[in-house]
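One structure is given below, encoded as structure tokens.
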Amino acid sequence: MPVNSSVNRRIRRTLGVLAAPLPVFVLALPVAHAAAPAGAASARTALAGTAAPHLAAGAVRTGAVAADTPITLQISLTPRNQAGLDAFLRAVSDPASPQYKHYLTVTQYAQNYGATDAQVSALTTYLRGQGLTVGALTANHQTLAVSGTAAQAEKAFGVQLGTWHADGRDVFANTAAPTLPSDIASIVSSVAGLSNASQRTPNYHVQSQSQAAPHAGTVLTPTKARGGYNLTSPLAAGDNGSGQTIGLVEFSAYSASAVAAYNSKYSLGAAAATVVNVAGGTTDTSGSVEDELDIEVDNALAPKANVKVYEAPNSDAGEVALYAALVSADVPVISSSWGEPENQENNLTSDDADFKEAAAQGQSVFAASGDSGAKDDGSTLSVDYPASDPYVSGVGGTNLTVSSSNAWSSETGWSDSGGGQSDKWTTPAFQAPVNTSGHREVPDVSAAGGDSSPWYIDADGSWTDVWGTSAAAPNWAAFVADYNTAAGKAGKAKFGYANSFIYTVARSSSYNTDFHDIKSGNNGGYSAGTGYDEVTGWGSYNAAKFIANKL
């Protein structure tokens, strides 16, 4: 199968390089917005969570966006009572607290931390007054869909939208940070959709025809992967994802027949995945192998889980809508294998609010740590997003070796596995005991994703080897689905907010039985070692031991 060169070379089709500030959450109080008299001036405030993208060198300005061009926006509303939410998260993550793992429902989150009806009404009145159409409010009261023309969006948010050509694409972008009248600006944290320059990249690699010789090492089938991570006995006992849902973050459509062929070849008995179209879904199939890899890995390791493929346009607005949909649906386990350099991400504020909600609701969120080693942006020490968000568990890639009986034999850090220190997030509390850098460090955990332990899958109808941290994230998601099945049978709490639980277990006396500590390998900036490191995190899981020791 031809190499997906745009993926393997990690070409970033992102024109905007955003030096984003740390997410700032402002306590928004209900306001009543009265339209100013015609002709009256109104003070405006720039939105703290949104900046104008800086177009890369070489971008050629081609003009202005036509006034009647349709524009679709996702407006992120500022969460309320962040101090209260922080206190709740400390309690729900503390094994000594009576609130430990007693998570919120979406309704409870909306009532306590989402925008109020009065705030939504005030914002809606303003937007409709600018001629925009206001669509659905998400169940968490945190994201509002809005549509209209370019002229209406420019007027409402005080911006001009220009057009550029670069890297073979025609794009548009706002030339200044958006603003709102000061009396309602505190209700809105950010606006996505004023630019379509930024796109996410999947973290996978496909064997080319010139690489047709078998890989040295372990080519993963369901049997080898189950054996390597000690999942064989849990699956035989019925801890197989039954009753659980895994939500996959995807910005591409895929071939359902390829997935069906994989399931048939290995007699997995997995049900067909369900596609959930977000913000209109997508007809783009350029990342189809990513979807197929994610689904097939989950089918192999959690064959009875209900896999839902959340598909959205590959844009800032699509990303915001997708994460808002996942948290509003309270999907128990989430896996993302798409990312971009943290220093080019435009949605830090809005996404972080959704990930923080996911933690409060006990959703386990995993994301690939990237396939560009310690230099995710290609030139400087940098990390991949969303793996770097503190409420997301970043998953690095390893090279796994199994014995003749398919038991775990050894594991090393993959040289291209993303990892390092965030320049957007400070050290989170759960990481403080092992992190003195002052920065959030990634990854948190790891699993097979290197070129010496690729997965053998059906990719668009061709059987081939596929590897990357894209394979590692759904691997962990599948294990957590299996764990949740076992927890349900035992009457115990689900895995929940993953980073909190992972670091608690890893720092306990059972670390060396519940995890495989990976002590060798480097990613060009950091080296693996005993315990936590910025190449493999805490390492990979030992499923049977982990489940037995924790349940």
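If we count every other residue with Cβ under 15 angstrom of Ala490's Cβ, Lys/Arg +1 and Asp/Glu -1, where does the sum land?
Values: positive: Lys101, Lys489, Lys492, Lys494, Lys550; negative: Asp239, Asp482.
Within the 15 Å Cβ shell, the charges total +3.
For Rg and Dmax of the Cα atoms in Å, the choices are (1) 22.7, 80; (2) 26.0, 89; (3) 23.8, 75; which was calculated from the structure?
(1)
Between the stretch 430-462 and the stretch 483-551, what's the alpha-carbon centroid distance in Å?
With the stretch 430-462 and the stretch 483-551 each reduced to a Cα centre, they are spaced 12 Å.
What is the sum of charges, Lys and Arg at +1 and Asp and Glu at -1, for the other residues whose Cβ falls under 15 Å from the Cβ of Asn230? Intermediate results must be reported in sequence, preceding the final value.
Details: positive: Lys224, Arg226, Lys545, Lys550; negative: Asp239, Glu411, Asp482, Asp514, Asp517.
Summing Lys/Arg as +1 and Asp/Glu as -1 gives -1.
Which net charge results for the neighbourhood of Leu322, defined as the other residues with beta-carbon distances under 13 angstrom from its beta-carbon, given Lys and Arg at +1 and Asp and Glu at -1? Before the final figure, lay out the partial values.
On the way: positive: Arg200, Lys308; negative: Glu250, Glu311, Asp316, Glu319, Asp351, Asp354.
After counting each charged neighbour, the total is -4.
Counting only pairs 8 or more places apart or on different chains, how many lysine pairs in the stretch 201-550 have C-alpha atoms closer than 18 Å?
14
Run down the aspartates and glutamates and flag those whose C-alpha is under 19 Å from the C-alpha of Lys101, throwing out any fewer than 8 positions away in its chain.
The qualifying aspartates and glutamates are Asp86, Asp330, Asp354, Glu357, Asp482.
Can you compute the helix-only [θ] at 222 nm over the chain? Use -39500 (n - 2.57) per DSSP H run of at least 4 residues, normalise by all residues, nearest 500 deg cm²/dmol. Walk me through the intermediate numbers first.
Values: 16 runs with 153 residues, N = 551.
-8000 deg cm²/dmol, from helical runs alone.
Rule-based calculations on the coordinates, nothing more; no lab input. Being a predicted model, the structure only gives us computed values, none of them experimental. Here Cβ is always computed from backbone atoms with ideal geometry, including for glycine, and neighbour counts include all displayed protein chains.
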